[in-house]
Structures are given as structure tokens and as C-alpha cells.
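The values are calculated or read from the model by the stated rules, or taken from the named source; none is laboratory data. Small disclaimer: the values here were computed from a predicted structure and weren't measured. Here the Cβ positions follow ideal geometry from the backbone for every residue, glycine too, while neighbour counts run over all protein chains shown.
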Amino acid sequence: MSQPTPSSAATDTIDAPPAIAVEGLTKRYGPVTAVGGLTFSVPSGRTVALLGGNGAGKTTTISMLLGLLLPTEGRIRALGFDMLKERHRALPRMNFSSPYVDLPHRLTVRQNLMVYSHLYGLRDPKGRIRELAEDLDIAHLLNRPSGKLSAGQKTRVALAKALLNDPALLLLDEPTASLDPDTGDWIRGYLNAYQRRTGATLFLASHNMQEVERLCDDVLIMKGGRVHDRGAPADLLARYGRGTLEDVFLDIARDRTRPLEGEGQPRAERPDRDPELPGGGSGPESLSE
Amino acid sequence: MSQEDRHLMPHDVRHPPERGFSPIQTPQSVAFAPRRVLAIVLRHTYVLKSSFPRLLELAYWPTVQMVLWGFITTFFVSHSSWVAEAFGVLLAGVLLWDVMFRGNLGLSISFMEEMWSRNLGHLFVSPLRPYELVASIMTMSFIRTVVGIVPATLLAIVFYEFNIYGLGLPLVTFFANLLVFGWVIGLLVSAMILRFGLGAESLAWVAIFAFGPLSGIYYPIDTLPGWLQPVAWAMTPAYVFEGMRAVLFDGVFRWDLFGGAVALNVLYLGAATLVFLRTFTTARKLGLLLDVGE
């Protein structure tokens with residue numbers, strides 16, 4: 001499979017509103033702030049990653065974007081709709097996949113996909129399932145109970161469910177977690193091809209740095225419930241003087257180094273940094289160009 | 001490029017949406033869509049169809065109850081003038097009590113199926129509304145109740161020559177009112193399980209028994225101590241079972257009792273639905289939709 005390049009679909013309609021726009025997003029559980037004052041936007045037609053260590057707030061953020069979790073403060077717009085007031089106008093054209101949220105085990109793959117086809121109001125459920133089954137190489141699994149699948153098969157089935165409605169905005173929580181390198185690579189290739197073919201916006205949380213480098217136009221790095229840094233993968237590498245995103249991630253996770261002087265944005269203009277970190281600041285973060 | 005086109009996402013430019021839906025979707029109401037309700041009914045029907053033991057289990061307990069109370073009835077007919085006066089009063093009581101029991105359990109289990117399968121996260125990022133889920137699990141409760149009760153009623157005809165369908169149209173009102181009260185309990189139990197996790201799931205089986213002594217299933221409400229009678233009359237089953245006895249003993253359908261049952265059910269079902277929906281919002285605040293373990 002050829003190595004993909006960052007997507008270019010965003011150039012289709014330059015005036016399109018952001019696929020995701022988040023402002024002051026905060027989630028507190030009692031005295032604990034899981035996510036604190038996130039502000040960012042994701043341009044339409046881009047693939048954006050949310051990176052961060054365990055407990056950084058990635059899953060909390062994705063859950064709030066989907067409306068599964070209500071924020072304590074802040075605003076979220078997805079596909080132009082206010083997700084706190086009119087999320088059901090956006091949901092028909094959004095979807096989600098996570099290895100941590102199962103499909104009913106007792107139902108066969110076909111039955112699960114049929115149920116979700118009806119939930120998303122597909123015109124031709126059988127045809128769409130057949131199409132996706134061929135695309136994702138799961139046709140031979142359609143009559144198997146979902147609970148009897150391997151991790152890689154489950155991931156492909158979950159992806160089929162997530163693509164049933166041809167989503168304009170697809171949120172993915174660790175899309176290749178627990179997969180062997182071959183299957184993970186296949187999934188990444190498929191997602192990249194899907195994005196390029198449809199112009200959909202992909203927003204994914206991941207621990208896999210190679211995945212992020214390969215798939216994403218922009219990266220948000222979270223730490224302690226805040227956006228610590230952001231930028232295109234190549235920009236982040238240059239800014240931190242590192243060869244891989246994994247090294248950048250480790251630098252940030254371990255408070256080891258700071259961005260090189262003179263690289264990337266000036267610190268004073270790089271908002272939303274942890275105030276306790278050298279060079280940190282606070283303020284809104286935006287991926288919008 | 002028109003103003004409207006300027007707000008299309010790149011994806012939408014390639015696949016222009018129609019009334020907010022992609023071209024491969026049928027536009028439908030975002031407020032309430034029967035197709036989404038039926039999708040969840042379909043999901044539970046798949047589960048039932050795939051497991052013969054589950055189907056058997058639905059009919060097992062009502063049948064065992066019916067056989068037991070059939071023998072008790074046979075005994076009391078010759079030892080109790082009260083039972084002798086209306087042969088089917090105990091059997092009708094036990095069969096109708098099972099309607100309420102199955103109504104509650106059918107709803108609670110359908111809801112817990114989603115928690116057991118950790119499916120709530122997927123369901124509620126789809127266009128499904130919480131009250132559409134409520135409508136679908138009520139539908140499933142009806143289906144489960146019918147599947148569970150009908151074999152027992154038919155066997156009662158065979159074993160004891162007691163035909164509950166002989167009650168005629170009043171039976172429909174008794175069935176409907178008890179089913180709805182079962183939903184009330186089921187919704188409250190489901191709300192508790194959603195809020196406190198699957199550790200509370202045994203409530204689905206045991207909570208309803210607290211209503212048994214106050215329902216007047218096998219005896220008139222005036223058998224209860226005076227101070228307890230108002231409590232019994234504050235709940236739907238008292239009206240239904242008194243109404244059942246009025247039909248069996250006097251051959252009279254008591255519209256006053258029917259009206260009381262309907263009024264209470266409207267009140268309780270509305271309140272229970274609100275409690276469930278409020279709990280759903282609480283679950284969204286606490287992140288419980290993705291964390292559905294014990």
C-alpha cells in the first residue's frame with residue numbers, strides 16, 4: 001500500500017465552517033478537572049489527532065464532542081450545530097468507533113449492521129452492508145456472532161458500523177489499539193483512503209505516533225486536561241528538534257525539553273500552554289488556519 | 001457559489017445532504033422516528049430468536065405459577081365458599097399478576113441488555129433519542145409479556161378448564177393497566193441501574209414483589225389493615241384486581257375502578273418517564289453511558 005500524503009480535501013470549499021469548534025470546554029468531577037478550558041477548531045475535511053498520555057483527557061474530550069458526556073462549561077459545535085442544544089441534527093451525519101465500546105455480542109455482524117442501518121435511516125441497508133463488507137473484507141464474517149470475532153475483526157466490523165451512514169465527521173478513539181502491525185497498517189490505509197475519497201473530517205484520539213504521523217494534518221497534544229501544544233506533525237518535529245512524534249510526546253510527557261528557540265510559533269503567541277511549564281501560557285487554541 | 005453552498009463541508013460538496021441527511025439516508029424526523037424505535041425492537045427480536053432457552057424461560061415461570069395455583073384452586077373450590085363462588089379468581093389473579101411482573105421484567109431486561117453488551121455508547125451517538133429507546137423497550141416488554149403469558153393461559157384451559165379469555169373486553173383493560181404499571185416499575189428500576197450500575201440489577205427481579213401484598217391479587221383490599229388500605233388504593237393494581245373480582249363474582253365491569261387505574265397510570269407513567277430521562281441526563285453528566293460496569 002502506498003504511503004499516503006496528508007489529505008487535501010479541505011481545499012474543496014474554503015468557506016466551509018469548521019467541522020468541530022470547541023470553546024472553553026471544561027469537565028470537572030468534583031474537585032478534579034478532567035478537561036480544563038479547551039478551545040480549538042477542526043477545519044472541515046481534515047484529519048486531526050488528539051494525542052496525550054493516559055488521563056490526559058482525550059477520551060473525556062471525545063465523549064463530550066459526541067454528547068455522551070455533558071461538559072461542566074463551554075460550547076461545542078459539530079457540523080455547524082450546537083451539540084448541547086441540537087446534537088440530534090448533527091448526529092445523523094456523524095459516527096464513532098472505539099475498541100472500548102462493544103456491539104452486542106449475541107447478534108451476528110450482519111444483524112448489528114442492520115440495526116444501525118435502520119438507526120441511521122439508510123435507504124438501502126442491505127446494499128450498504130454488502131458494499132462495506134466487501135470494502136472492509138468482512139463479508140465472510142457477516143453471519144458470525146460479533147462476540148466471537150478476533151480483535152482485528154472486531155475493529156473492522158466497528159469501522160463498518162462507523163461508516164454505515166457515510167459520515168461527514170468521524171470520531172475515532174484509538175482506532176488501531178490492540179491490533180497487530182499488519183492489521184493496524186491496513187486500518188490506517190483504509191481510513192486514509194476513505195478520507196481522501198469522501199472529504200470527511202476525521203478526529204481521532206491515539207497513542208500510536210506512527211499512526212498520527214501517517215494520517216493526520218494536525219495534532220493536538222493534551223496534557224493534564226489542557227491542550228499543551230498543537231501543529232502539523234512536521235512542524236512539531238521541527239519545533240522540538242526531534243525525529244519522531246514519539247520523542248516529542250515523551251519530551252512533553254516528562255517535561256524534559258522545551259520547543260527550540262525560534263522554531264514554530266513564538267512562545268508568547270502559543271496559547272493554552274501549561275502555566276507551570278517553562279514558557280507556558282494560557283488562552284485559546286485553534287487548529288484553524 | 002451560493003451563500004448556502006459556502007457553508008457546505010467538503011464532504012457535503014461531494015455528497016450534498018438532503019434536509020440534513022446524506023444521500024444514502026432517508027430524511028426523517030430528528031424528534032421522533034418510528035424507524036429508530038423499530039430498529040431497537042429488531043435488535044431485541046434478534047436476541048430472542050437466536051436463543052430457544054430465552055424463549056422457553058419467558059414462558060416457564062408463568063406456566064409453573066399457573067399449575068401451582070391451579071392445584072390450590074382445585075383444593076379451595078371444595079374447601080372455600082369464596083373461591084367456589086368464582087372458580088377462576090385465584091388463577092386469573094396469578095395470570096394477571098404475571099402480566100405486571102413480565103411487563104416490569106421485559107422492560108428492565110431489554111434495557112439491561114444494552115448495558116450488558118456495553119452498547120449504550122454506540123446507541124447514543126446515533127440519532128436515537130432516549131425517549132425512542134423508552135418506546136422501544138416498552139414495545140419489547142409487550143412482546144415478551146405476550147410470549148410469556150399466552151402459553152400459560154392456554155394450558156390453564158387444558159388443565160383446569162379455566163378460560164381467562166372468557167373475561168372478554170375487560171381482560172384487555174386489566175392487561176393494559178397492569179402492563180403499564182409494570183413499565184412504571186421497570187422504568188424506575190432501569191433508572192436506578194443506569195445511575196448506580198449493574199450492581200443494582202437484582203432490583204429488576206425483586207423490586208416488584210414489594211407491590212404484591214398491596215395489590216390485592218388474591219384477596220380484597222379491605223382485607224388489609226385500615227391504615228394500609230389508602231396506600232394500596234394509591235396504586236394501580238388495587239383497582240385492577242378489585243375490578244377483576246367484580247367481573248368474576250358479580251359479572252359487572254366497574255368503570256370507576258377502570259377510571260382510577262387509568263388516571264393513576266397516566267400520572268405514574270409520566271413521572272417514571274421523567275425520572276428515567278432525568279437520570280439519563282445525570283448519566284451524561286457523570287459519564288455513565290461509557291462506564292456501565294458494576
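So that you can scan it fast, the table gives a plain yes or no per residue for (1) under 29 Å from B:G20 (Cβ atoms); (2) among the charged types (D, E, K, R):
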site: A:M114; (1), (2): yes, no
site: A:Y120; (1), (2): yes, no
site: A:I129; (1), (2): yes, no
site: A:D137; (1), (2): no, yes
site: A:S146; (1), (2): no, no
site: A:Q153; (1), (2): no, no
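Quick one: would you say B:R144 is outside any helix (DSSP H, G or I) and charged (D, E, K, R)?
Values: outside any helix (DSSP H, G or I): no; charged (D, E, K, R): yes.
It is false that B:R144 is outside any helix (DSSP H, G or I) and charged (D, E, K, R).
Restricted to the stretch A:149-185, and to residues that are surrounded by fewer than 21 Cβ atoms within 10 Å (Cβ to Cβ) and free of Cβ contacts under 8 Å to residues at least 40 places away in the same chain, which residue is nearest to the chain's Cα centre (by Cα)? Residue satisfying both the conditions and the ranking: A:G184. Looking at the stretch A:10-42 only, could you name the residues that are at pLDDT below 95 and surrounded by 23 or more Cβ atoms within 10 Å (Cβ to Cβ)? Once the filter is applied, which keeps residues that are at pLDDT below 95 and surrounded by 23 or more Cβ atoms within 10 Å (Cβ to Cβ), the stretch A:10-42 yields only A:A16. Any idea which of (1) of a type outside the set (D, E); (2) within 25 Å of A:G57 (Cα to Cα); (3) away from chain B (no Cβ under 12 Å) is the one A:R87 doesn't satisfy? Exception for A:R87: condition (3).
Checking the structure you have, find out if any residue of the stretch B:112-133 is more than 14 Å from chain A (Cβ to nearest Cβ) and part of a helix (DSSP H, G or I). The answer is no, given that none of the residues of the stretch B:112-133 is more than 14 Å from chain A (Cβ to nearest Cβ) and part of a helix (DSSP H, G or I).
Scanning the stretch A:68-110 for residues that are surrounded by fewer than 23 Cβ atoms within 10 Å (Cβ to Cβ), in a helix (DSSP H, G or I) and not basic (K, R) turns up just one, A:H88.
Here's a check for you: in the stretch B:33-82, which residue that is farther than 20 Å from B:T145 by Cα and among the hydroxyl-bearing types (S, T, Y) is surrounded by the most Cβ atoms within 10 Å (Cβ to Cβ)? Selected residue: B:T73. For the stretch A:111-135, enumerate the residues that are at the interface with chain B (Cβ under 7 Å from one of its Cβ atoms), touching a residue at least 12 places away in the same chain (Cβ under 8 Å) and among the charged types (D, E, K, R). Within the stretch A:111-135, just A:R128 meets the criteria.
Condition check for A:P259 on (1) at pLDDT below 85; (2) surrounded by 22 or more Cβ atoms within 10 Å (Cβ to Cβ); (3) in contact with a Ser or Thr (Cβ under 8 Å, 6 or more places away or on another chain): one failure, at (3). Every listed requirement among (1) of a type in the set (K, R); (2) within 13 Å of chain A (Cβ to nearest Cβ); (3) touching a helix residue (DSSP H, G or I) at 6+ places or on another chain (Cβ under 6 Å) is met by B:R19 save one, (3).
What about B:A207, is it assigned to a helix (DSSP H, G or I) and under 26 Å from B:S117 (Cα atoms)? For B:A207, the condition - assigned to a helix (DSSP H, G or I) and under 26 Å from B:S117 (Cα atoms) - is met. Every listed requirement among (1) more than 25 Å from B:Q65 (Cβ to Cβ); (2) part of a helix (DSSP H, G or I); (3) not basic (K, R) is met by B:N265 save one, (1). Can you tell me which residues in the stretch A:17-67 are β-branched (V, I, T), in a strand (DSSP E or B) and closer than 26 Å to A:D247 by Cα? The answer is A:V35, A:T39, A:V42, A:T47, A:V48.
Filtering B:D12, B:D98 for residues that are under 20 Å from the mean Cα position of the chain (by Cα) and among the acidic types (D, E) leaves a single hit, B:D98.
Residues considered: A:T60, A:T108, A:T72, A:T33. Of these, the only one that is more than 11 Å from chain B (Cβ to nearest Cβ) and touching a residue at least 24 places away in the same chain (Cβ under 8 Å) is A:T33. Within the stretch A:111-164, the only residue that satisfies the criterion of being aromatic (F, W, Y) and part of a loop (DSSP other than H, G, I, E, B) is A:Y120. Right, B:L198: more than 22 Å from B:V94 (Cα to Cα) and in contact with a Gly (Cβ under 7 Å, 6 or more places away or on another chain) or not? Answer is yes for this residue. The requirement of being away from chain A (no Cβ under 14 Å) and either within 28 Å of A:V115 (Cβ to Cβ) or within 21 Å of the chain's Cα centre (by Cα) (or both) is fulfilled somewhere in the stretch B:66-85, by at least one residue.
Among the candidates A:L202, A:L163, A:L169, A:L220, the residue that is more than 14 Å from every other protein chain (Cβ to nearest Cβ) and either hydrophobic (A, V, I, L, M, F, W, C) or at positive phi (or both) is uniquely A:L220. Residue count for the stretch B:134-169, restricted to those that are without any contact (Cβ under 8 Å) to a residue 40 or more places away in the chain and within 14 Å of another protein chain (Cβ to nearest Cβ): 0.
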